Amino acid sequence: MLLTELHELVKLGAEKPLAMWQSAYQAKSRGLAAEFSVLTENLESGTGVRENIEHLVEVLKADNPSEADLAKTIFNTAELFKEQTVDLPELEKISVLAFIKDSKKFYDRTQTEEILARERERVKATMSKDEQAAYDRRLFELEGMMYCLEYYLTLYKAIIDAPDELVKRKIIESTEVDCGSGKIPGLWFDFNQDEVLQKFILKILNNDLRQELKTAYYTTKEKIVKIKLTCDKQDSCQAFYEDVTLEEVVAAFKDLIKAFIAAFQKVGIEQLSSYFLTPFGKNTKLSDIKL
């Protein structure tokens, strides 16, 4: 029960920033701290195991902990549970291994955000406000345009124009999608890798713009990750829509694209530029795109 409750928080942390599940954290953290505190009484003093659990208790007691510290401490705790899986029944072993996997995703996500935050601060320290604005504009024009906005528009247009639900789902669920002029990643797999987040959103220097797109991205991802894909060794996958419909996924994706278009316009970019991904035609103005 203790591991199950902690796992519920870990799954949220693997998917999105703590600020977006703060209420769930506060509802469970104190109770979990109390239970782990009791657990430490049966552990040998002075050992690494007990010290790690005690640190987890202190972190869980905080109303607003450092997300990176929370993720790292839970990940270290998960590694302790891994040592106990050998003699567990198969179903319990599967649960523990799932907890460990999600703990690593939570830890990796926060580590990536910390690394890119440090890089942003390093870049900003060498630039004036005007230079920072110019840096962001170039970022939008290059990585943001080609790898993000035009890519998203291409997938969205393909989904909307698809003749039936089966084809729409294939565009979302497939590893790769043929867009007519080449293959691009399918929507689910792109969000699973957080490519757009890492290549573009988390590199934006302007705090307001970055936060707007980050929130929009994770709000959409919250819907997309409810699609559960199970793949065999031959990469043949089956998708199950858990507590989400195809229509809800497409609507969330549409809202994200609207947020992207608004952000591009805020930095003064009004026109698509690609000759490769042109779902709405070449040299299309953002204000002319009807979603």
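Just so it is clear, none of the values below were taken in a lab; they were calculated from the coordinates. These figures come from a predicted structure and were not determined experimentally. Virtual Cβ from ideal backbone geometry, glycine too; neighbours counted across all protein chains shown.
Under the rule that an exposed site lies in a DSSP loop and has at most 16 other Cβ atoms within 10 Å, name the longest stretch of the chain with no GluC sites (Glu not before Pro) of that kind, not counting the sites themselves.
84-241
Sort 12, 197 so the one with the fewest other Cβ atoms within 10 Å of its own Cβ comes first.
In increasing order of surrounding Cβ atoms, one gets 12, 197.
Full-extension gain between residue 271 and residue 121, please, as 0.36 nm times their residue separation minus the C-alpha to C-alpha distance.
Gain in length upon complete extension: 51.0 nm.
So what is the 222 nm mean residue ellipticity for the chain from helices alone, if each DSSP H run of at least 4 adds -39500 (n - 2.57) and you divide by all residues, rounding to the nearest 500 deg cm²/dmol?
It comes out at -20500 deg cm²/dmol, rounded to the nearest 500.
Which value, to two decimals, describes the C-alpha radius of gyration of the stretch 128-288 once divided by 2.2 N^0.38 Å? Walk me through the intermediate numbers first.
Values: Rg = 16.0 Å, N = 161, 2.2 N^0.38 = 15.2 Å.
Rounded to two decimals, the normalised Rg is 1.06.
Given a Förster distance of 41 angstrom, what is the FRET efficiency for residue 237 paired with residue 290, based on the Cβ-Cβ distance and rounded to 0.05?
For R0 = 41 Å, the calculated efficiency reads 0.80.
Would you list 240, 280 from fewest to most Cβ contacts within 10 Å?
Lowest count first: 240, 280.
Expressed in nm to one decimal, what extension gain is obtained for the pair residue 192 and residue 19 from 0.36 nm per residue of sequence separation less their Cα-Cα distance?
Extending this stretch completely gives an extra 60.3 nm.
Stokes-Einstein D for the stretch 2-110 at 4 °C, 1.567 mPa s, Kirkwood Rh over Cα pairs, in µm²/s?
Answer from the Stokes-Einstein relation: 93 µm²/s.
Provide the FRET efficiency to the nearest 0.05 for the residue 161-residue 30 pair, computing r from the beta carbons and using R0 = 35 Å. Don't skip to the end; give the middle numbers.
Values: r = 51 Å, r/R0 = 1.44.
Taking R0 as 35 Å, the efficiency between residue 161 and residue 30 is 0.10.
List the relative contact order of the chain as a percent without decimals, with contacts defined as Cα pairs under 8 Å and 6+ residues apart.
Working: 289 pairs, mean separation 44.4, N = 291.
Answer for the chain is 15 percent.
With labels modelled as points extended 7 Å from the Cα through the Cβ direction, what inter-label distance (nm, one decimal) is found for residue 219 paired with residue 87?
With each label placed 7 Å out from Cα toward Cβ, I get 5.1 nm.
Of (i) 18.8, 56; (ii) 18.2, 60; (iii) 21.7, 68, which one was derived for Rg and Dmax of the Cα atoms in Å from the structure shown?
(iii)
Along the Cα→Cβ direction, 7 angstrom out, place labels at residue 80 and residue 64. What is the inter-label distance in nm?
Roughly 2.8 nm, to one decimal.
Cα gyration tensor of the stretch 198-291, axes a ≥ b ≥ c as square roots of the eigenvalues: rounded (a/c below 1.5), prolate (a/b > b/c) or oblate?
prolate
Enumerate cysteines in the chain without a disulfide-compatible partner, where compatibility requires another Cys Cβ under 4.7 angstrom.
148, 179
Given a Förster radius of 51 Å and the C-beta distance between residue 55 and residue 134 as r, what FRET efficiency does 1/(1 + (r/R0)^6) yield to the nearest 0.05?
Given R0 = 51 Å and the Cβ-Cβ separation, E is 0.70.
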